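J.: Handing you this structure, nothing more for now.
The values are calculated or read from the model by the stated rules, or taken from the named source; none is laboratory data. This one's a predicted model, so the numbers in the text were calculated from it and none came from an experiment. FYI the Cβ positions are ideal-geometry reconstructions off the backbone, even for glycines, and counts take in every protein chain you see.
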Amino acid sequence: MKLLTTLLIAVLAALAVYSARRRILFALKTGAVVYIVLLFGRLILSAGSLADRWEDILWPVLIMLVAWVSLWWTSTVYAERRGRRTKVPAPAKTASGVGRPGR
């Protein structure tokens, strides 16, 4: 039940952002961030009951951390390659000093 209420709160936050901004990608990103923050918030609040079971939570957190770092690195490398490949050279100047030819 906690999963569904967390998901409902995240969806409501995304809907509020969408109704204010009318940008679907921004709303989806906001909903995802709210969902992750709520999951970790609930995890911290229930840490007292998990104190005797840290080994159950340690491996999933480490796997998520490794996945996040690898995805961050991959997206950064991809953005750098795309940035280098799509650079458009400046137009050559003519004898009159104008960057484009006249009509």
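J.: List the pairs whose first member sits in segment 36-49 and is within 17 Å of Ala10 (Cβ to Cβ), whose second member is surrounded by 11 or more Cβ atoms within 10 Å (Cβ to Cβ), and whose Cβ atoms are under 7 Å apart, counting only residues at least 6 apart or on separate chains?
T.: These pairs meet every condition: Leu38/Thr6; Leu38/Ile9; Leu38/Ala10; Leu39/Thr6; Arg42/Thr6.
J.: Quick one: in segment 1-45, which of the residues that are loosely packed, with under 12 Cβ neighbours inside 10 Å and of a type in the set (Ser, Thr, Tyr) is farthest from Met64 (Cα to Cα)?
T.: Among those that are loosely packed, with under 12 Cβ neighbours inside 10 Å and of a type in the set (Ser, Thr, Tyr), it is Ser19.
J.: Collect the residues in segment 13-44 that are of a type in the set (A, V, I, L, M, F, W, C), under 21 Å from Leu3 (Cβ atoms) and touching a Ser or Thr at 6+ places or on another chain (Cβ under 8 Å), keeping them in residue-number order.
T.: Ala13, Ala14, Leu38, Leu39
J.: On the given criteria, is Gly48 assigned to a helix (DSSP H, G or I), loosely packed, with under 10 Cβ neighbours inside 10 Å and modelled with pLDDT under 80?
T.: yes
J.: Does segment 18-37 hold any residues that are charged (D, E, K, R) and more than 30 Å from Val61 (Cβ to Cβ), and which are they?
T.: Result: Arg21, Arg22, Arg23.
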